[in-house]
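The values are calculated or read from the model by the stated rules, or taken from the named source; none is laboratory data. A quick note: this is a predicted structure, and the numbers were derived from the prediction, not measured. Every residue, glycine as well, gets a Cβ built from its backbone with ideal geometry; the counts of neighbours run over all protein chains shown. Remember, those area values only see protein heavy atoms, side chains included, never the ligands or the DNA or RNA. Shrake-Rupley method; radii C 1.70, N 1.55, O 1.52, S 1.80 Å.
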Amino acid sequence: MSEFFGPNEWFVSRPLAELGIFALGILLLDYWFRRWRPGLTPLLALLGIGFAAIPTRQIQLAVRQAPLQAFDGALRVDNFAVYFWFLFLAAAGVAVLTSYRFLEIEEEPQGEYYALLLFSVIGMFVLAAADELIVAFLGLEVMSLALYVLVGYLRRDRRSNEAALKYLLLGAFSSAILAYGMSLLYGLSGSTRFEEVAAALARQSTAQPLVFLGVAALTVGLLFKLAAAPFHQWAPDAYQGAPTALVGFMSVGVKAAAFALLLRLFQTALPAQRPGWAPMLAGVALATMTLGNFGALLQNNTKRLLAYSSIAHAGYMLLGFVAGNQTGRYGVLVYLLVYTFMELGAFTVLVSLRRRGIVGDRVDDLNGLMHKAPGSAIMMLLFLLSLAGVPPLAGFYGKYFIFLALIQTQHFALAVAAVLYVALSLYYYVRLVAAMFTGTATESAPLSYSAGLRLALGALVALTVLVGVFPEPMLRMAHNALIGW
Amino acid sequence: MLAPVFFFCLFAGTAVLGALLVITLRNTMHCALALIVTLLAVAGLFVAAGAEFLAGAQVMLYVGGIMVLFLFVIMLVNLEREQQVPQTAPQWVLGLLAVLTLGGLLGVMLLRGTGRWPAAVTAIPAAVTGPGGNSERFSMELFQHNLLAFELVGLLLLIAMIGAVVLAKARGTRIEE
Amino acid sequence: MTIGTTQYVLVGALLAAIGCVGVLTRRNVLVILMSIELILNAVNINLVAFSRQWGQVHGQIFGLFIMADAAAEVAVGLALLIALFRNKATVHADEMDLLKW
């Protein structure tokens, strides 16, 4: 233990270290034992996630009263960060459970996939707890870079190559702009710590052009990661080309991590900028909902359709940020949590449609699912209704608190627009449902289920329904996450 | 006192000129060479501002590493046919207009915002060069106060390495021994 | 005339703007990647100038991290390009037509 790596650092970095060690272990053991034990790597990945959850829980108990600062103020682990950490672990766990069979069908190597997945979780962990610009930037890059590779993981599939390349080009462009914004903020404040940036900016006028430029560049970079309009173009392409088993994790994890940083930035680094930025972000949210919902109406590919719908969901979540009160932040946290179950659930059903020789990502591929696999069809129905926000499923609560926050802060026009878009979204969700229940199947190959996929689906559907019926535990978790904010 | 001004103008001018060539030249190889000129000029600017270690890293890492990688890939994939087709996307007018507007805005903002810092720092502060030189200050700061960031960069490069191996592995060569 | 932070930041802004034009107008993936490098260099010029301004090395350290990040992105980007090139011989962004650009 040195002066610079004390007990706090050790305690806080344990979940990160365990994820990293397991990822490296996966790479090594995969190389040694691939021939005899092909199923070893996903088990190790699950074990790693489980092992990371233990110190995360210990940290949660420790930070309940006061946040922990570590690494010279680079990380600030509080209830808020730990909430997101658990969310990332859950999403990664589901991704691992659903990936094994999928990669077998795609005939791609297993080991590197899980290692990269765990690496991207490390990046998300850092993002959610970052209290300093450099570390926030690097966390974002670790997360993104691992995901670029994972999107292009099906390297013999041209769609996957192209999707990854576009994602990388636009992603690298947006992080360069984000870095430009960070450099300006550093120049204005002489520090990269969020609190010191806030203190320095508070001494200057809000309308100062350089401050505006710095915050704008930073916000643009984050909006890109959220796939908010007008920076949403990459999402449908990346989702369509990426391995289906990964898309749910990408959609959930990246959004949650970017929201965590956005909320924390405007809470601690740029509090004085918030009022000025809310109207602009309201416009962005409105455009995001419009483009996402109308885009989803036109799609014939299920992955693209869900990608556009996820853009629309990002728009609703941004509204919680626009409202800007405690209910708004609470709404974003609740929304992200329920979104995790239902989005991962919907994509997990799509993963089971991928069979040898059948890609299974067109809307027509859902035809007649009710006859072929009634269980899957009913679960998909529940996930879609939850995504649409129909009570009493989990998705309802996310929207409820966002709308409540909008009404509390007198944003009536935005609330009305959002409700109209929710109604519109029913149309494309029902279209998928109609295909499942009324269409006739084009092929009769059985769905590809593995034990892991069954387990994931069961857990997700149980959560979607149970959280909808008994929301209190989840609401309490989100409430606790905001203690101290 | 004209020497610093002269060197600054020389390096800045070269950097901007090289950058303009990167985005206008037709041949990808020429673009890469122009980018090397820009990167070296930027290294010169770093030295002028007292960032000697970073200038060294710029030459070794950027010019010696990244650009060599670029040249390899250009030689690997660049086809004659690629030179024949138009090099600009059809939306280039739109893009140029958008960026010119943004650039103008940026210029105005920077000129109006000069009050934020003193117009000139003529001498390089001792805290940057420090006792033992810039490199010593740099490494002390790096390994004492940026531990986590340093580890994350290591992770980032590891991901890049794994990613490059996974993605660029020859087609059909599955490791099945 | 003396050279202050403003002059450095202006050079940086110029490079960043040129880089943005390159990303938005060029079709060659390699040139787009190079234009992104231009923006990252603009960031580093800013950081070095501000470092001098505030009398710290902190900004220079940020600059080193940005460089490493650029290296990582380029390595993955070029690997993806090679993978794509094996499947279809093009380096042009808008010839990637399976997914709408």
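Residues of region B:43-54 include none that is at pLDDT 90 or above, farther than 17 Å from B:N134 by Cα, of a type in the set (A, V, I, L, M) and crowded, with 18+ Cβ neighbours inside 10 Å.
Results for (1) farther than 15 Å from A:Y239 by Cα; (2) within 11 Å of chain B (Cβ to nearest Cβ), shown as yes or no for each residue.
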{"residue": "A:G123", "(1), (2)": "yes, yes"}
{"residue": "A:A129", "(1), (2)": "yes, yes"}
{"residue": "A:E132", "(1), (2)": "yes, yes"}
{"residue": "A:F137", "(1), (2)": "yes, yes"}
{"residue": "A:S144", "(1), (2)": "no, yes"}
{"residue": "A:L154", "(1), (2)": "no, yes"}
{"residue": "A:K166", "(1), (2)": "no, no"}
{"residue": "A:F173", "(1), (2)": "yes, no"}
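Filtering region A:135-142 for residues that are surrounded by fewer than 24 Cβ atoms within 10 Å (Cβ to Cβ) and not hydrophobic (A, V, I, L, M, F, W, C) leaves an empty set.
Annotation note: of A:I59, A:I49, A:I21, the sole residue that is touching a residue at least 24 places away in the same chain (Cβ under 8 Å) and either open to solvent by 80 Å² or more (accessible area, probe 1.4 Å) or not in a helix (DSSP H, G or I) (or both) is A:I21. Taken together, the criteria place A:A235 among residues that are closer than 17 Å to A:M143 by Cα and not β-branched (V, I, T). Each residue in region A:251-274 was checked for being at pLDDT 90 or above and among the hydroxyl-bearing types (S, T, Y), and 1 of them qualify.
Of note, A:L337 satisfies the criterion of being part of a helix (DSSP H, G or I) and either closer than 19 Å to A:L263 by Cβ or open to solvent by 50 Å² or more (accessible area, probe 1.4 Å) (or both). Taken as a whole, the structure leaves A:L150 outside the set of residues that are at the interface with another protein chain (Cβ under 8 Å from one of its Cβ atoms), open to solvent by less than 10 Å² (accessible area, probe 1.4 Å) and either touching an Asp or Glu at 6+ places or on another chain (Cβ under 9 Å) or closer than 30 Å to A:R57 by Cβ (or both).
Report yes if some residue within region B:17-34 is in contact with a Gly (Cβ under 9 Å, 6 or more places away or on another chain), in a helix (DSSP H, G or I), under 20 Å from B:V5 (Cα atoms) and not β-branched (V, I, T); otherwise report no. Looking for residues that are in contact with a Gly (Cβ under 9 Å, 6 or more places away or on another chain), in a helix (DSSP H, G or I), under 20 Å from B:V5 (Cα atoms) and not β-branched (V, I, T), one finds none in region B:17-34, hence no. Tell me whether region A:415-435 contains one or more residues that are in a loop (DSSP other than H, G, I, E, B) and at negative phi. No, every residue in region A:415-435 fails to be in a loop (DSSP other than H, G, I, E, B) and at negative phi. For region A:64-100, the set of residues classified as modelled with pLDDT under 90, in a helix (DSSP H, G or I) and surrounded by fewer than 21 Cβ atoms within 10 Å (Cβ to Cβ) is empty. Among residues of region B:58-72 being facing another protein chain (nearest Cβ under 7 Å) and open to solvent by 10 Å² or more (accessible area, probe 1.4 Å), the one that is farthest from C:L80 (Cα to Cα) is B:L61.
So, in region A:436-453, how many residues would count as being assigned to a helix (DSSP H, G or I) and either of a type in the set (A, V, I, L, M) or within 30 Å of A:G39 (Cα to Cα) (or both)? Here the count works out to 4.
A count restricted to region A:450-477 and to residues that are open to solvent by less than 60 Å² (accessible area, probe 1.4 Å) and farther than 16 Å from A:M342 by Cβ stands at 4. Determine whether A:A235 is surrounded by 24 or more Cβ atoms within 10 Å (Cβ to Cβ), within 14 Å of chain C (Cβ to nearest Cβ) and either touching a residue at least 40 places away in the same chain (Cβ under 8 Å) or of a type in the set (A, V, I, L, M) (or both). Taking the combined requirement at face value, the residue satisfies it. Considering region C:69-101, the residues that are among the hydrophobic types (A, V, I, L, M, F, W, C) and open to solvent by 10 Å² or more (accessible area, probe 1.4 Å) include one that is modelled with the lowest pLDDT, namely C:W101. Given the conditions (1) surrounded by fewer than 16 Cβ atoms within 10 Å (Cβ to Cβ); (2) modelled with pLDDT under 85; (3) of a type in the set (A, V, I, L, M, F, W, C); (4) not assigned by TED's automatic domain parsing to the domain that holds B:L20, which single one is not true for B:L76? Exception for B:L76: condition (4).
Yes or no, residue by residue, for (1) in a loop (DSSP other than H, G, I, E, B); (2) within 14 Å of chain B (Cβ to nearest Cβ):
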position	(1), (2)
A:E162	no, yes
A:M182	no, yes
A:S191	yes, yes
A:A200	no, yes
A:L218	no, no
A:M250	no, no
A:A256	no, no
